[in-house]
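The values are calculated or read from the model by the stated rules, or taken from the named source; none is laboratory data. Since the structure is predicted, the reported quantities are computational estimates derived from the model, not experimental observations. Positions of Cβ are backbone-derived with ideal geometry, glycine not excepted, and every protein chain shown enters the neighbour counts. Note: accessible area is taken over every heavy atom of the protein model, side chains too, but ligands, DNA and RNA are not part of it. Shrake-Rupley method; radii C 1.70, N 1.55, O 1.52, S 1.80 Å.
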Amino acid sequence: MPPTRFFIFIVVSLLVFIGILRWTLRARPVMPTAGLTCGIAFVVVVVGMCFAKFGATTGLPWPVYYGVPAAATLVLPPLAFRMHRSEFAWYVLLAFASSPAIHAVFSFFVGWHEYMPFWPIPSLWDMHS
């Protein structure tokens, strides 16, 4: 994957994840600080994606390079924000739906299939060829 694509995937994922956190926690009387939200998002998204890329490139087993970031996604934000059950339910649903949604958008509209390469989605451009 070209480094530019990886960087774009990270930026889009980071923005989506921050949106998920803000939406999930929207009913709180006091919203968590931007610093905490962005810090948790940075660890989960940027560190998680870099770890997954490193793990895939160096030959780690897929349960490790997908499992560790998935575990961080599942555990870190709920603990850091002390999520209530309803917040946690929405968070888990949206957090785990976001990766396939991002992959589908990039695969279909841009023809970039690297986000989740094991899930083939034809590109709009390939369908017209």
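For this structure, a couple of remarks:
- The trypsin sites (Lys or Arg not before Pro) of the stretch 21-123 that DSSP puts in a loop, and whose beta carbon has at most 15 other beta carbons within 10 Å, are Arg26, Arg82.
- Entry comment: accessible area of the stretch 1-113 is 57 Å² per residue, from protein heavy atoms only and a probe of 1.4 Å.
- Whole-Hz couplings from phi, Karplus 6.51/-1.76/1.60, listed for the stretch 64-73; x for Gly and Pro: 7, 6, 9, x, 5, x, 5, 5, 4, 5
- Listed values (1) 25, 15, 12; (2) 20, 18, 14; (3) 27, 17, 13, entry calculated as semi-axes √(5λ) of the Cα gyration tensor in Å: (3)
- Positive end of the dipole of the stretch 3-92 (Cβ unit charges, origin at the Cα centre): among Phe88, Leu14, Val64, the Cα lying farthest that way belongs to Phe88.
- Charged side chains reduced to their Cβ positions (Lys and Arg at +1, Asp and Glu at -1) give the stretch 3-92 a dipole of some 160 debye around its Cα centre.
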